[in-house]
Amino acid sequence: MQWTLALAVLATIVLAESAPETAVGGASYRLIAVMAGVAVVSLFATAAAGVTAAGLRRDFDRRRQLLMRFSRLRTVHGMLWLGIALATEYYLSWSRVVRADWGLGDIVLVDELLILAPLLLPLFLSWAAFYEVDRAIRLARTAATGESTPLWTRGGYLLFQARHQLGLLMVPLLIFLTLHDTVRVLEPDLLDKPLGAALFGLPIAALFLLFPLLLRTVWQTEPLPAGPLRERLTALALANGFLPTEILLWRTEGTVANAAVTGIWRRLRYVFLSDRLLAHFNDDELVAVFGHELGHVRYRHLLMRGLIVLAPVAVWWSVEYWLPGMAQAIAGVPATLGVDDSLAGGFTAIVLLGGILAVLLGSYSQRLEHEADLYAVEVSGGPAAWCNRHGEPSLAVHPFVTALEKLAYLNGTSRSSRSWQHASIARRIEFLERAAAEPRFAARFHARLRTAAIVLLATVLCGLLSQALAAATAAGII
């Protein structure tokens, strides 16, 4: 959801910045249409949550099927939300209403917040509806097992969703938008000069390095308590040369079963283990999951993911500088599809960035997860170190494999379900079994990923060089 939300916000901002600065008229009718769109998305969420919550209250034993159906309904809800939100900007010219008809374009940050409102407001209203499903699960679990399950308020649930889904996106975005608007008010011409683009380089670099601090602050975290588990995790990290700055317990009120690592710079590197993960995994499984996160560090996956995000932009910079005719032809395609000329540039950027990321980032990330899986098995003993009850080596009883199976169960997904950046649990286990059966399979896989990393790095460096040459040419230096 976070990547979809990020692309949706980016698309909205790009379309708004590409739109003419003239009034469109009919502001009141457009406002009514926007409110109708918000209502449609919210009502769909309310209906989906209501049906699911009622089913959970009637028959909690069917929760797996009910939650899988709810997951499909949420996918439909996400598509509806995204379509209506983008149509609001493209067809209703919402940014022009805010900036030109209402005259709010020169007020720092106010116009952007109103432009993003049709995108963000339905999310909050939908989360308020989805709370009923979470509440029904917790109440039914308490009734079925007799266990005291924490039950948070609707406000607490909304706050958690806002921090988890929006915090990491909106905090940096608001900072950059404030900087952009301030510069636009004080020095209107500066943003059109090469120095204007360079002005944002330092904040972007700072955000890149300090992102782990932002993540630790936005998420509700605390250091993992001292004890045997922490000692085992620390020993594993030291043995492999990747001791993080801190191992953090991620408080989610039992909502999230997941782990994460962040921090390219080793002095600001954190590993997060969610509370639900600690509640349901034994220490061997937690050590294996921790090994998976160390695998992301070992193979520099955090850097690689950053480069794959930059790659589409870098390719466009290279095409613009070295093949300007092709760049003009690509930029002219939207006009042939009926896209307004004033929005053509923004439309091209959205399609290229969003489309390439949707394919490349998802596919590449799945391969990075496979590589981290291999590392998890390796550092937690390897398949041969774990035997079944007959004393025979068996990957099926390896703690990392059992942890993967538990993840599918705890997250209410089937073994065959996959996400954008993760292969299905079944596919990940099949991959590990093949690696265990074929000695050279893992080596070939690592080699292919190293080749891809070299190509990716060269692509980004070429794009940066092209942009630097373009800026130097515009400044008259060359």
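Counting Lys +1, Arg +1, Asp -1, Glu -1, what net charge surrounds residue 219 among other residues with beta carbon under 10 Å of its beta carbon?
For residues surrounding residue 219, the net value is +3.
Taking the simple approach of a point 7 Å from Cα along Cα-to-Cβ for both residue 418 and residue 176, what is their distance in nm?
A separation of 3.0 nm, rounded to one decimal place.
Taking the Cα centre of segment 92-154 as the origin, how large is its charge dipole in debye, to the nearest 20, when only Lys and Arg (+1) and Asp and Glu (-1) carry charge on their Cβ atoms?
Charge dipole of segment 92-154: 280 debye, to the nearest 20.
What is the magnitude of the charge dipole of segment 1-119 about its Cα centre, with +1 placed on the Cβ of each Lys and Arg, -1 on the Cβ of each Asp and Glu, and no other charges, expressed in debye to the nearest 20?
Once rounded to the nearest 20, the dipole reads 1000 debye.
Give the dimensionless ratio obtained when the Cα radius of gyration of the chain is divided by 2.2 N^0.38 Å.
My calculation over the Cα atoms of the chain gives 1.07.
Beta carbons within 10 angstrom, averaged per residue: use that to sort the peptides 269-280, 223-234, 98-109, highest first.
Listed from highest to lowest mean packing, they are 269-280, 98-109, 223-234.
To the nearest 20 debye, what charge dipole does the chain have about its Cα centre, counting +1 at the Cβ of each Lys and Arg and -1 at the Cβ of each Asp and Glu?
Dipole of the chain, to the nearest 20 debye: 1360 debye.
Rounded to the nearest 500, what is the chain's calculated 222 nm mean residue ellipticity when only DSSP H runs of at least 4 contribute -39500 (n - 2.57) each, over all residues?
Using -39500 (n - 2.57) per qualifying helix, the result is -23500 deg cm²/dmol.
Shape verdict for segment 162-309, please, from the Cα gyration tensor: rounded (a/c under 1.5), prolate (a/b greater than b/c) or oblate.
Prolate.
Quick check: the angle from helix 27-58's long axis to the longest principal axis of the chain, C-alpha only, nearest 10 degrees?
That helix lies at roughly 10 degrees to the long axis.
What does the charge count around residue 63 come to, taking other residues whose C-beta lies under 13 Å from its C-beta (Lys +1, Arg +1, Asp -1, Glu -1)?
+4
How much FRET efficiency would the formula 1/(1 + (r/R0)^6) give for residue 57 and residue 454, where r is the Cβ-Cβ distance and R0 is 60 Å, rounded to 0.05?
Here the calculated transfer efficiency is 0.60.
Sticking to Cα atoms, compute the Rg of segment 1-117 to one decimal and its Dmax as the biggest Cα-Cα distance, whole number, in Å.
17.9, 58
Within segment 107-168, report the GluC sites (Glu not before Pro) that DSSP leaves as loop and that have at most 15 other Cβ atoms within 10 Å.
Sparse-neighbourhood loop GluC sites (Glu not before Pro): 147.
Of the DSSP beta bridges with both residues in the chain, give the percent that are antiparallel, rounding to the nearest 5.
Rounded to the nearest five, the antiparallel share is 60 percent.
Given points 7 Å out from each Cα along the Cα-Cβ axis, report the residue 322 to residue 474 separation in nanometres with one decimal.
Placing both labels 7 Å beyond Cα along the Cβ direction yields 2.0 nm.
Could you state the angle between the C-alpha long axis of helix 425-437 and the longest principal axis of the C-alpha atoms of the chain, as a value from 0 to 90 degrees rounded to the nearest 10?
Approximately 60 degrees, to the nearest 10.
By how many degrees, between 0 and 90 and to the nearest 10, does the Cα long axis of helix 344-379 differ from the longest principal axis of the chain?
Roughly 20 degrees, rounded to the nearest 10.
Could you check the spin-label model distance between residue 117 and residue 205? Points 7 Å from the Cα along Cα→Cβ, value in nm.
3.9
Each reported figure results from applying straightforward, stated rules to the coordinates on display, with no laboratory input. What you see is a predicted model; the values in this text were computed from it and never measured. A quick note on method: Cβ atoms are made from the backbone with ideal geometry, for glycine too, and the neighbour counts reach across all protein chains shown.
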